[in-house]
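Working notes, beginning with the structure itself.
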Amino acid sequence: MKKPYHIVNREEKSAAAAIEQFAKSNGQLLLPLIELITQARIAVDEVIGSIGRKTIETILMLSAEEVAGARTPGKASGDIRWHGSQSGRVALADRQLKVKRPRLRHKQEGEVRVPAYQALQDNGATAERMMGALLRGVSTRQYEEVLPEMAATAGVSRSSISRQAIEGSVEQLRQLRERRWDKTDLLAIYVDGQRFGDHHVISAVGVDRSGVKHILGIEIGATENAAAVKKLLIALRDQGLRTDQRYLFVIDGAKALRAAIEEVFGTDQPVQRCRNHKMRNVLDELPREHHAQALNLLRAAWKLTDADEGIKRLEGLARFLEHEYESAARSLREGMAEMFTIQRLKLPPSLYKCLGTTNVIESPQSGVQKRTGNVTRWRDADMVERWVASAWLLTEKHFRKVIGHEHLWTLAVHLGREESSNASEKVA
């Protein structure tokens, strides 16, 4: 007899991670679903691949809270009390799922059943498609349209649901703001902006010596907003990012951002201009038929290991363009020297891809955009900041080391973090 196997693909793993984070931060939102579970309306098999064990356990905890109240430290009170937890099983159509279930006891009558767990043990009966839709990113606005009756049935008001959701995101924003960087040996710092409705958010991502990425902080405002950029950098300084050390800053080229770096961290900081931003700016000033040729020339110059030779090549391209496309030539010349900072630092070509552009921050920004994409209306800047902080912390869980991280020690040497003798030993 063949054994049944459950195939888990990457999408399901990502969904499970997202749901686990959602459940931890917004458990109160799941309260209206308990009524569905206890009424055994829909087979749990239909959603178990997406909701995962953590969501089932969250529902069990919420069901127990409805019977015994929230868990509180100190001496137990009330007739029904929390009594730890133990392993349990819930029934699927073709198998059993192991879960950790809460236990309740009446102070005189003994064990008290948890309604949701009791319902989930009945084969072929429970959970709901609605949860899958909700946890995959249904916006608050849509949630209020779909679930008002469910919320009322479970005794949870709309205002309570909204309040709990806000409290969860406020906590995640607080966690991000209170992170400390005193003991993290950051080498490169990427700063870039992103738009959410009418609001802009500046984000900073750092890369440490081993190549691990960290979300450092966010601030409402655009990279062209000098006050907002300075506020973000000052916040990082206050969180322990040392200003007496050198870092490689990788930025989009905004003048306000460049000025803020010098003001907060000093004028000795090496800055690498994002080559992708420069490429887009130049191509925007050229007709489409010239894009391929210009793109090839730009990429060829950036691959050179000699900074002066690379600048010479681009200056030649600028002279060629200025006869008919003066704006393109002007865009190319602007900040040209800082496009070759990584060459001037004598870094190996294996690091050009990760340190020559802001891809390290732009890639996870797409994850943040995806996780906030179902929001139909951004009410105010506070809402944007809370949601973006939560999305960044969730996205950070999927960070991988940067390409070429094995050679980041060379950057550490040029930033003055490591003695040349130690570097020579690594080469040997």
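The values are calculated or read from the model by the stated rules, or taken from the named source; none is laboratory data. As the structure is a prediction and not an experimental result, all values here were calculated from the model. Cβ: placed from backbone, ideal geometry, glycine included. Neighbour counts: every protein chain shown. Note: areas computed on protein heavy atoms with side chains; ligands, DNA, RNA excluded. Shrake-Rupley method; radii C 1.70, N 1.55, O 1.52, S 1.80 Å.
Among the residues of the stretch 225-238, are any more than 24 Å from the chain's Cα centre (by Cα), surrounded by 16 or more Cβ atoms within 10 Å (Cβ to Cβ) and free of Cβ contacts under 8 Å to residues at least 40 places away in the same chain? Yes, that holds for at least one residue. Only residues that are modelled with pLDDT under 75 and open to solvent by 20 Å² or more (accessible area, probe 1.4 Å) were counted across the stretch 105-123, and they come to 3. Checking each residue in the stretch 174-219 for being hydroxyl-bearing (Ser, Thr, Tyr) and surrounded by fewer than 20 Cβ atoms within 10 Å (Cβ to Cβ) picks out 184, 210. Among the residues of the stretch 320-345, those that are within 15 Å of residue 250 (Cβ to Cβ) and of a type in the set (S, T, N, Q) comprise 341, 343.
If you check residue 275 against the conditions, is it out of contact with any strand residue (DSSP E or B) (no Cβ under 7 Å at 6 or more places or on another chain), loosely packed, with under 15 Cβ neighbours inside 10 Å and within 28 Å of residue 410 (Cα to Cα)? Criteria not met by residue 275.
Residue 360 fulfils the conditions (1) touching a Gly at 6+ places or on another chain (Cβ under 7 Å); (2) of a type outside the set (Gly, Ala, Ser); (3) crowded, with 18+ Cβ neighbours inside 10 Å except for a single criterion, (1).
Looking across the stretch 373-405 at every residue that is of a type in the set (S, T, N, Q) and surrounded by fewer than 20 Cβ atoms within 10 Å (Cβ to Cβ), the one that is farthest from residue 305 (Cα to Cα) is identified as 376. Taking the condition closer than 26 Å to residue 205 by Cβ, among the basic types (Lys, Arg) and surrounded by fewer than 17 Cβ atoms within 10 Å (Cβ to Cβ), does residue 299 pass? In short, yes.
Beta carbons closer than 6 Å, at least 6 apart along the sequence or on distinct chains, pair a first residue in the stretch 281-310 that is farther than 17 Å from residue 323 by Cα with a second that is open to solvent by 70 Å² or more (accessible area, probe 1.4 Å) for 301/313; 307/344.
Filtering the stretch 316-326 to residues that are open to solvent by less than 80 Å² (accessible area, probe 1.4 Å) and farther than 21 Å from residue 258 by Cβ leaves 316, 317, 321, 322, 325. The residue of the stretch 255-280 that is farthest from residue 327 (Cα to Cα), among those that are β-branched (Val, Ile, Thr) and outside any helix (DSSP H, G or I), is 267. Scan the stretch 334-356 and tell me whether some residue there is out of contact with any Gly (no Cβ under 6 Å at 6 or more places or on another chain), closer than 20 Å to residue 405 by Cβ, basic (Lys, Arg) and touching a residue at least 60 places away in the same chain (Cβ under 8 Å). Yes: the stretch 334-356 contains one or more residues that are out of contact with any Gly (no Cβ under 6 Å at 6 or more places or on another chain), closer than 20 Å to residue 405 by Cβ, basic (Lys, Arg) and touching a residue at least 60 places away in the same chain (Cβ under 8 Å). Within the stretch 185-232, the residues that satisfy the criterion of being small (Gly, Ala, Ser) and assigned to a helix (DSSP H, G or I) are 226, 227, 228.
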